[in-house]
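Asker: Here it is, the structure in full.
Bear in mind these aren't lab numbers, they're just calculated from the coordinates by the rules spelled out. Since the model is a prediction, treat every value here as computed from it, not as a measurement. Here the Cβ positions follow ideal geometry from the backbone for every residue, glycine too, while neighbour counts run over all protein chains shown.
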Amino acid sequence: MKKLKTKFAIIASLAFVSTIWAQNNPAKKPEISFEAFETKLKQASPNAQILDPRTPEEYNQNHLKGAINTNVADSNKIELQKVIDKLDKQKPVFVYGINYGGRGSQLAKKLKEQHFSEVYELPGGISKWIGAGRPVESTTAEGLTLAEYKKLLASDKLVLVDVYSKYCGTCKKLLPIVDSVANEESSTVKVIKIELFDNKQLGKELNIESVPTLILYKDDKVVWQKRGLTPKTILEGYIHDEIARK
């Protein structure tokens with residue numbers, strides 16, 4: 001009976017969250033696929049026009065080769081416009097943020113408003129680019145190896161992995177939920193946090209498509225995985241279901 005109630009709680013939470021999300025966030029699908037973006041980028045190389053709208057700190061850690069840092073969050077819009085004015089409007093421009101949407105979409109919209117003929121936003125952002133094992137210019141180490149990661153997974157408890165970025169807004173919203181679960185379920189759940197941009201090779205091994213990504217392991221096997229913001233009730237529901245199956 002308890003298990004049935006848990007499932008009803010999960011379904012109700014999912015329905016509520018989906019409704020609120022749909023009301024406040026109209027569906028926005030990539031205009032092209034990840035593969036098409038990559039093909040067009042290669043065709044435009046070696047002089048491709050690539051803009052990275054993240055902060056200088058993010059850019060310095062990891063960025064696509066040839067990308068110019070523009071930082072759309074900077075209050076000095078004059079500098080951003082100076083960069084845009086140097087671009088050729090008749091040639092494609094490639095933009096990306098952490099994930100798809102957000103700063104990447106802001107910049108893409110601005111370019112389209114200024115009548116650039118072709119503007120492409122990277123589906124999945126630099127998170128998916130790294131998760132797909134594509135090359136980046138980087139000042140950070142590769143981070144954990146898969147073998148080291150598997151050692152961390154070794155536990156007689158369930159293991160919840162939070163793959164995040166400290167620069168990601170949604171990741172920051174998810175953090176207190178993960179911390180709460182780590183505290184309340186400490187006897188049955190081990191929590192591991194992985195900063196994607198400090199662990200690029202592991203991101204590739206796990207095939208990360210966006211941050212945050214939650215992965216739940218049981219006996220070293222993935223039993224549940226979800227991208228984006230996950231309500232606490234849903235996360236706890238899956239955890240309790242797996243505990244009940246032991």
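Asker: Based only on Cα atoms, what Rg/Rh ratio does the stretch 47-94 have, Rh being taken as Kirkwood's radius?
Answerer: 0.96
Asker: Further question on the same structure: How high is the relative contact order of the chain, given as a whole-number percent (alpha carbon pairs under 8 Å, six or more residues apart)?
Answerer: About 20 percent, as a whole number.
Asker: Follow-up. Taking only DSSP H segments of four or more residues, each worth -39500 (n - 2.57), what value at 222 nm results for the chain once the sum is divided by all its residues, to the nearest 500 deg cm²/dmol?
Answerer: So the helix-based figure for the chain works out to -13500 deg cm²/dmol.
Asker: Can I ask one more? Please go through the residue pairs Lys110/Lys226; Lys109/Lys200; Lys166/Lys218; Lys42/Lys91; Lys172/Lys226 and name each one whose alpha carbons sit more than 23 Å apart in this structure.
Answerer: Violating the 23 Å Cα-Cα cut-off are Lys110/Lys226; Lys109/Lys200; Lys166/Lys218.
Asker: Shifting gears a bit: I'd like the antiparallel share, as a percent to the nearest 5, of DSSP beta bridges with both residues in the stretch 43-171.
Answerer: Taking every DSSP beta bridge with both residues in the stretch 43-171, the antiparallel ones total about 20 percent.
Asker: Net charge near Ala182: determine it from the other residues with C-beta under 10 Å of the C-beta of Ala182, scoring Lys and Arg +1 and Asp and Glu -1.
Answerer: Overall, the nearby charge balance is -2.
Asker: Rounded to whole Å, give me the distance from the Cα center of the stretch 232-246 to that of the stretch 111-133.
Answerer: 37
Asker: Suppose we keep just the DSSP beta bridges with both residues in the chain; what percent of those would be antiparallel, to 5?
Answerer: 45
Asker: With N denoting the number of residues in the chain, provide Rg(C-alpha) divided by 2.2 N^0.38 Å, to two decimal places.
Answerer: 1.12
Asker: With +1 on each Lys and Arg Cβ and -1 on each Asp and Glu Cβ, how big is the dipole of the chain about its Cα centre, in debye rounded to the nearest 20?
Answerer: Dipole magnitude for the chain comes out near 620 debye.
Asker: Something else: Put +1 on the Cβ of every Lys and Arg and -1 on every Asp and Glu Cβ in the stretch 173-235; which of Thr188, Leu216, Gly228 then has its Cα farthest towards the positive end of the dipole?
Answerer: Gly228
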